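The values are calculated or read from the model by the stated rules, or taken from the named source; none is laboratory data. Keep in mind that this is a model prediction, so the values were computed, not measured. Please note: Cβ atoms are built from the backbone with ideal geometry, for glycine as well, and neighbour counts cover all protein chains shown.
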Amino acid sequence: MLNQLSRTGHATFARRPYICQECLRRLQSRHIRSIASPAPAWIRPLSTASDDRTPPKEDAPFRKALKDAAKKKRLENRGKAQSSDNPSGSSEFKSEKWELTVGIEIHAELNTARKLFSSAATSVNDTPNTHVALFDAAFPGSQPHFQRETLIPALRAALALNCEIQHRSSFDRKHYFYQDQPAGYQITQYYEPFARDGHITLYPHDFPGGVSPEGGPVTIGIKQVQMEQDTAKTIQQPPSTHLLDFNRVSHPLIEIITLPQIHNPVVAAACVRKIQAILKAVDAVTAGMEMGGLRADVNVSVRRRDSADSSQQSHSYHGVTGLGQRTEIKNLPSIKAVEDAIIAERDRQIDLLERGGIVDGETRGFTQGSKTTRRLRGKEGEIDYRYMPDPDIAPVVVGKDLVQHLKSSMPLLSDDVIEMLVDPKRYGLTAKDAGTLVVLDDGDRLDYYLEVVEILRRIFSEDFAALSRVGKMAGNWVLMELGALFKTTQWSADRVSPSELASLIAHVLRKQITGRTAKLLLAQKFDGDARPVDQIIVDEDLLLRPLSRDEYLAMAQQLLEEKSDVVRDIVEKGKHQKVKWFVGQMMARGAEGTVEPGTAEEVLRLLLQLPPMEEQRQQMKK
Amino acid sequence: MSLSTLAKECIANQSKYTSLNAFISLADRASILSRVAKVPPSRNHGPDRLSGQLIAVKDNICTSDLPTTAGSGILKNFTSPYDATVVKQLRDAGAVIAGKTNLDEFGMGSHSVHSFFGPVKNTNARGEELSAGGSSGGSAVAVATGQCTAALGTDTGGSVRLPAAYTGVVGFKPSYGLVSRWGVIAYANSLDTVGVLAKSVAQMRRVFDALNFHDPQDPTSLLPSTRRRLGRPVTQRPLRIGIPLDYNISSLDPTVRKTWMHALKALQQKGHTLHTVNLPATRHALSAYYILAPAEASSNLAKYDGVRYGSRAEGPDGTPDSVLFAKTRGRGFGDEVQRRILLGAFSLSAQAMDNYFIQAQKIRRLVQRDFDGVFSARNPLLTSASSEAEGHREGAGVDVLVCPTAPTPAPELAKVKNQDPVDAYMNDVFTVPASLAGLPAVSVPVKMRETQGSGAGIGMQVIGQFGDDGLVLDVGEELMGEG
Amino acid sequence: MSAIRQKMLRVRNPADLDQLLAKPTWSVESLLPSKSAASESPKISTQQLHHLLRLSALPAPENAEAEQKMLDTLSAQLHFVGEIQQVDTSGVTPLRAIRDETAAAEVEQTITLDTLKDALAKEQVVGKHYKRIQRKIDHVDAKDVEDWDVLGSAERKAGRFFVVESEMPQE
C-alpha cells in the first residue's frame, strides 16, 4: 500500500520529512508478531494496563494531600462568598431563622410626546428650561391641563402587568418642600389610582442560570399602578449650590407598587428586571434603569419564622399582615444595586434584632459598591405628605372600548416569546439565549432572527435533519457571531441582510464551507462586501471538497514519518490509544471539516498495520 | 356724559381718594386717556359694551403690564408674564384697565387690613374710618368713590359681597365655574370665584356678560354642554322668595334686621310671595369653610419659595438647622396668611384628615343638599333633567333666597385692626354657605326711607339655585328699585 | 340622592314677618372659645406646632411669647371649626369641588378610543415577525406654551438654570 503512494500524492506533503520505509516495515513486522501471540498484558483495557494512569504507590499521600488542599480551597471560597453575603454566620442558618419580606416600588418615565399636566414637550437632554409651561414652573394663577394621550402608555403598562383598569380615577397632591418640586407638592394618585390588583409571574427563564430560587414560577402581586409627575433635574455644584432645570417637571411617570410578597433578593432583582423588560416591550418607556428612566425603591423587613416574638411582627403593609417593621431604601439605580441593597439591609436588620435592638421605620439610601445602607431621614424628619385631592383636576374616566382596543393590540409579551423560542420543536434555544434575544435592540434582533430562521426553513424544507438544527444554529450566529461584530456598533438589520446570513448558514449546514470560513465571510459582509455570499464563495474558491482516499493516505503517511517515536510507542510498546492522537493531528492539519475522524483512524490503522477498530474491540472482549 | 369725561372724572377721583389706599398700582393716566379717546362715539350696543370704560382689577388677578402682588410682600416686585383670561376678555370688550386694587393678602381676610401695602380705608358721610370689608376692599372702595366704573374682585367665602355691603355698592358672585380663573392667583381652588363690583346691577351685567364664557385654559370652567342646561328661559312671576330663618342669628344688628324686613316687604308689595325656609347646615357652614379654605390655601401657597419668582430672603435657602425656604416664606408672608397656612396644614395632617378635612367636605355636601331642598329649580350639576320638566313641581320650592349679606354694617376700622383673628371669621356667616355650594349670589345696597341719605345702605343678599345668575340679578335690581 | 322638599311657611302678613324675625334661631358666637371654656379647646403641644411649621416651611417662633400666641391662635381656630365633628355625616359623599356630576357629563368626559385617535394614529407597527408598537418620535410643536421668558422673574439664576443654595443633606 505504501508503495502505491504516488509521488504526486506526496507533493502536498513535500515539506514533510521522509520516512524510511524499510525501518517502518521492520517495526511493523515486530508489531504483527506481537499481535499474533495470545493476548499479552498490554492489550488489556487501558484502565488497568496503562501504567502512567494509576498513581505510583509511593505518591499516594501526595495525591491525597492535593485532593485535601483542593477541597479546603473549595470550602474557603464558599465561605468567602457566604461572608460577603453574610458577615456573621452562614446564610443557610440565617434564612432558617429569619424570613425576609420585600416590596418594590418602581418609578418609570413614560414614553409620551407631552407632559402630564401641560402640553409642553417631553425631552431628555435639551437646553435647560426650554420646555417649561407656566404650570410646570408653578407660576401664580396657572392651572393643570391633563394631557389625555399620556394614558396610552400608562394603560398598556398596567394591562401588561395584568391589572384591573379602574373606570374612574383621580389625582391628589402630595406635599413636601424640596428644590426639585416647584409647586411644593407633586400631583400623584394616592386615593384612586387608575389601575389595581395586577400580578407578574417570574419563570425559571427569568432568573440567572435559568433556575428559580423557589423551585418553580413565582407570582408577585401588584397592588396598583398610578400616574404622577416627575420632578426637576438638579445639578449639584458643591458645596451647596443646586442648579435646577425644569424641563423634566411634570414628565409623566407611572409608579408600580408590588405587594410585599418577595422573600429573596434574587427574586427581587429578577422582578425589577422583568418589569423593566415588560415596560419596554409595550413601548411604555423609552429608557431603562441604566439611562435613569426607571428607578426602584424597596421596602425591607424581616421576621422570625418561629414567630417567637410576635410583638415585633405586628405590622401590616398593603394588606399583608404579621410583618416586621420595614425600612425603605430609595433610588436604587441598577438591578444589581437592588439585590445588594436588600441583602445589606436584611443583614443589618437581623443583626440589630438579634442583639436585642428595634428596627426604626426610616428611609435609607444605598450606594453601589458599599456594604451597608445608610439613613437618609430619621423620625424627626418624618414627612406627613398631607395627601389632598386636587380640586382643579376632574376625575379621569376611561372608556371600556379604549381598554379593549389596547388589550387586543398588545404586542407579544416576553414570556410567550420565550416559550416559543425554547420549544425544541420550534426554535430550541436555551432559556438564557431566548431571554437575551427578546430584549436585544428593542426586539429588532429577534425579528431578524425569526426572519433568518424562516428563510432557512424554506431552503431546507425537505431536509428534516437540517430543519431540526436550524433554530439553534441561527441562534448562535445571530447572538454570538453577529453579536461580537456589533459589539461597539448600533444594531442594523441591513448590515448583513437576513437572506445573506441564511445563505451563509445554509452553506455551513451543507458542509460546503467550514465554520471558520463562514466566520470570516460574515466579517467580510459586515465590513461592506456587497457581493452575495454565493458569489464570494465562488470567487475565492472557498468550497470545501471532502478529502479523497489518496489524500487521507498521503496525509497519514506524512504524519507517521514525522512522528516516528509515537509510531514506535504504538507498534513496539502497544500504546494503541495514541492512534487517536494521530487522528487528532490529521484533523488539525486538514482544513476544518475536511478530515473525518472515522476515515482518518481507519487509514492510520491500515498504515500502521493495526487491526481495524472493530476487530480490536472484539478481541478485547474475549 | 362722554367716555372721555367719565374717564377724566375717574382719574380725578383717584387723586382725590388716594388716602383710602384702594389701589396698589395705577395705570398710566396718559395712556388711559388716549385709549379712551380712540373709542368711536356711537358704540353703545354690540359686543364692545365696555368700550372706553375704566375697570379696576383686584391685585390677585394677573396682568402683564402692571405688577401683580396679591397684597403680599413675597410678590411685591412681581410682574406676571401673562394676562389672566378675564383681563383679556375685558380688553377685548373695549375696557381700559384702571389699575390693580388693594386686598387682604392672598384674599385671606374680611376687612382688607392684612395687606403688605397697608389697609384699605372706607369712610362714611361723617368722615369716620370704617372697614371696607374684605378681601376685595380695594375694588369696592374704588367703585364706591368713582375711581372706576366697575371692578373685578374674587369671592372665596364672601370677599366680593362683604366689601360691597360695607361700601354700599353692588357685589356679584356668579355661579362657580362660569368665569375663568386662568390667571387668578389661587387661595382655595374649589371656592375661588371671580366677581364684579359696580354701582348698578345694569353695569354689573355688562361686565359679567363679557366674562361669562367657557375657557379651556381653566380646567374648572363649566363645559358648554353644562352651560346650555343652566337657568330657565322664563321664570314664572310672581316669584316665590325664601326667607332663611337660620340667618336670623342673635348677633344680627337691629339695623340689618330692620333692613331685611324692609326689603322683604318691598318685594311682597311688588306681588311676590314670601316663604320661610330652613337651612340647618348653615350652622356648620362657617366651620366647614374655615377648614376647607385654609387647607386648600396651605397647598396653594406652597409654591412661594422665591426660586422662580418673588422676593427672596438673603443667604442660603436652607441649612442643616433651618427648614428649606422657611426664611423667605416667613419674611414674605403676613401674619394672617401664616396663621391660615398652619391651620390648613393641621386639617390635612394624617391624624386630622378624616375628622376635619373630609368631615368638612361632607358638611359641604349637606349645605348643598339643604339649598337643593328649598329651591324649586333642581340643581343642574346633579341632574340632567331640565328645570322645565319639573314644572309640575312648582309650588314645592322657592325661586331665590333673600337675606342680609353681613351681620352688621361696616364696623369701625380701629376696632377690627386689633380684632382677635378668629372673631373676624364671624363676618362671613351669611356669605359662606353660597360659596360652599357654588351658588350665584349678589349683594345690593338697600336703603330704608328713614336712613336714606345718611348712609350707603345695608347690603342685602339674593341667592339663587346654581346657574340662575340672571334671576338673581333680576331680583337684585328689584331690591334696588332699578327694575 | 334627591333633596327632600321641606314644608314651607307662607308669610302673608308683614306683622307675621316682624314676629318671625324677632326671635333669633342660633348664635354664631357659640363657635368662639369663651374665656371660661378655654380648657375645652383642643390642646396643641409645642412639638406639634414645630412639626406643623416644618411641614409648612415656616420659621419657628422667635421667642416663647410668640410661640404661646401661635399655640393660642391655633387652639382657638380648632375650637371654632371643631364643632363639625359632632355632626352625623354617615353615608354622605364628600363634596370636593363644584363640577358637573351628572351621568351625561361623565359620558362626555369619558376618554374613549375616539378621544385618543389622533395620538394612536401617531404610532407605527415595527417588525415583520415580532410585531411591536412604537410611537413615532416627531418634533412636538409646543411653542404656544413654551415660548415665554421662563427665567425672567427669578431674582437669582446661573446661566440657563435656577439656583437654590442649600446646605442640607441630600437625598
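Scanning the stretch A:288-333 for residues that are in a loop (DSSP other than H, G, I, E, B), at pLDDT 85 or above and at negative phi gives A:Gly293, A:Gly324, A:Gln325, A:Arg326, A:Pro333. Looking only at the stretch A:110-148, residues that are more than 25 Å from B:Arg308 (Cα to Cα) and crowded, with 22+ Cβ neighbours inside 10 Å come to 3 in all.
Yes or no, residue by residue, for (1) surrounded by 24 or more Cβ atoms within 10 Å (Cβ to Cβ); (2) in contact with an Asp or Glu (Cβ under 9 Å, 6 or more places away or on another chain):
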{"site": "B:Ile291", "(1), (2)": "yes, no"}
{"site": "B:Tyr309", "(1), (2)": "yes, yes"}
{"site": "B:Asp317", "(1), (2)": "yes, yes"}
{"site": "B:Gly330", "(1), (2)": "no, no"}
{"site": "B:Ala350", "(1), (2)": "no, yes"}
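Condition first: surrounded by fewer than 20 Cβ atoms within 10 Å (Cβ to Cβ) and closer than 13 Å to A:Gln535 by Cα. Now tell me which residues in the stretch A:504-525 satisfy that. The one that is surrounded by fewer than 20 Cβ atoms within 10 Å (Cβ to Cβ) and closer than 13 Å to A:Gln535 by Cα: A:Gln524.
Residues that are within 9 Å of chain C (Cβ to nearest Cβ) and either on the phi > 0 side of the Ramachandran plot or assigned to a loop (DSSP other than H, G, I, E, B) (or both) within the stretch A:415-451 comprise A:Asp442, A:Gly443, listed in sequence order.
Residues in the stretch C:76-119 that are assigned to a helix (DSSP H, G or I), more than 7 Å from every other protein chain (Cβ to nearest Cβ) and surrounded by fewer than 18 Cβ atoms within 10 Å (Cβ to Cβ): C:Gln86, C:Val107, C:Lys117, C:Asp118.
Yes/no matrix, rows are residues, columns are (1) of a type in the set (A, V, I, L, M); (2) at pLDDT 95 or above; (3) at positive phi:
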site	(1), (2), (3)
A:Phe171	no, yes, no
A:His205	no, no, no
A:Pro213	no, no, no
A:Ile222	yes, yes, no
A:Ser250	no, yes, yes
A:Ile254	yes, yes, no
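Taking the criterion of being assigned to a loop (DSSP other than H, G, I, E, B) and within 9 Å of another protein chain (Cβ to nearest Cβ), the residues of the stretch B:57-78 that qualify are B:Asn60, B:Cys62, B:Thr68, B:Ala70, B:Asn77, B:Phe78.
Conditions tested, residue by residue: (1) in a helix (DSSP H, G or I); (2) within 36 Å of the chain's Cα centre (by Cα); (3) modelled with pLDDT of 80 or more.
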{"site": "A:Arg568", "(1), (2), (3)": "yes, no, yes"}
{"site": "A:Ala588", "(1), (2), (3)": "yes, yes, yes"}
{"site": "A:Gly593", "(1), (2), (3)": "no, yes, no"}
{"site": "A:Glu614", "(1), (2), (3)": "yes, no, no"}
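Taken over the stretch B:146-162, the criterion of being of a type in the set (Ser, Thr, Tyr) and outside any loop (DSSP other than H, G, I, E, B) is satisfied by B:Thr154 alone. Of the numbered criteria (1) facing chain B (nearest Cβ under 9 Å); (2) at pLDDT 95 or above; (3) out of contact with any strand residue (DSSP E or B) (no Cβ under 6 Å at 6 or more places or on another chain); (4) farther than 27 Å from C:Leu113 by Cβ, the one A:His145 fails is (4).
The residue that is surrounded by the fewest Cβ atoms within 10 Å (Cβ to Cβ), counting only those in the stretch A:538-552 that are touching a helix residue (DSSP H, G or I) at 6+ places or on another chain (Cβ under 6 Å) and in a helix (DSSP H, G or I), is A:Asp550. Out of the residues in the stretch B:306-332 meeting the condition of being more than 15 Å from C:Gly152 (Cα to Cα) and of a type in the set (S, T, N, Q), tell me which one is nearest to the chain's Cα centre (by Cα). The qualifying residue nearest to the chain's Cα centre (by Cα) is B:Thr328.
Among the residues that make up the stretch A:279-287, is at least one of them out of contact with any Leu (no Cβ under 8 Å at 6 or more places or on another chain), assigned to a helix (DSSP H, G or I), surrounded by fewer than 20 Cβ atoms within 10 Å (Cβ to Cβ) and among the basic types (Lys, Arg)? Checking the stretch A:279-287: not a single residue is out of contact with any Leu (no Cβ under 8 Å at 6 or more places or on another chain), assigned to a helix (DSSP H, G or I), surrounded by fewer than 20 Cβ atoms within 10 Å (Cβ to Cβ) and among the basic types (Lys, Arg). Would you be able to say whether some residue in the stretch C:44-64 is under 29 Å from the mean Cα position of the chain (by Cα), surrounded by fewer than 13 Cβ atoms within 10 Å (Cβ to Cβ) and farther than 30 Å from A:Arg445 by Cα? Yes; the residues of the stretch C:44-64 include at least one that is under 29 Å from the mean Cα position of the chain (by Cα), surrounded by fewer than 13 Cβ atoms within 10 Å (Cβ to Cβ) and farther than 30 Å from A:Arg445 by Cα.
On inspection, A:Ile256 qualifies as away from chain C (no Cβ under 14 Å), more than 30 Å from A:Glu96 (Cα to Cα), out of contact with any Phe, Trp or Tyr (no Cβ under 9 Å at 6 or more places or on another chain) and buried (at least 23 other Cβ atoms within 10 Å of the Cβ).
For the stretch B:98-145, residues that are of a type in the set (S, T, N, Q), in a strand (DSSP E or B) and surrounded by fewer than 24 Cβ atoms within 10 Å (Cβ to Cβ) total 1.
Test each condition in (1) free of Cβ contacts under 8 Å to residues at least 40 places away in the same chain; (2) in a helix (DSSP H, G or I); (3) surrounded by 13 or more Cβ atoms within 10 Å (Cβ to Cβ); (4) among the hydrophobic types (A, V, I, L, M, F, W, C) for A:Ala484 and report the one that comes out false. Exception for A:Ala484: condition (3).
Anything in the stretch B:97-134 that is of a type in the set (Phe, Trp, Tyr) and on the phi > 0 side of the Ramachandran plot? List them, or say none. The one that is of a type in the set (Phe, Trp, Tyr) and on the phi > 0 side of the Ramachandran plot: B:Phe106. Within this structure, B:Arg232 fails the test of being part of a helix (DSSP H, G or I) and either away from chain A (no Cβ under 14 Å) or closer than 19 Å to B:Gly107 by Cα (or both). If you go through the stretch A:376-388 one residue at a time, do you hit one that is closer than 30 Å to B:Leu292 by Cβ, buried (at least 21 other Cβ atoms within 10 Å of the Cβ) and of a type in the set (A, V, I, L, M, F, W, C)? Yes: the stretch A:376-388 contains one or more residues that are closer than 30 Å to B:Leu292 by Cβ, buried (at least 21 other Cβ atoms within 10 Å of the Cβ) and of a type in the set (A, V, I, L, M, F, W, C). For A:Thr219, the stated conditions hold: it is more than 14 Å from chain B (Cβ to nearest Cβ), in a strand (DSSP E or B), in contact with a strand residue (DSSP E or B) (Cβ under 9 Å, 6 or more places away or on another chain) and over 26 Å from A:Pro389 (Cα atoms). For B:Thr282, the criteria (1) modelled with pLDDT of 95 or more; (2) touching an Asp or Glu at 6+ places or on another chain (Cβ under 6 Å); (3) of a type in the set (S, T, N, Q) hold in every case but one, which is (1).
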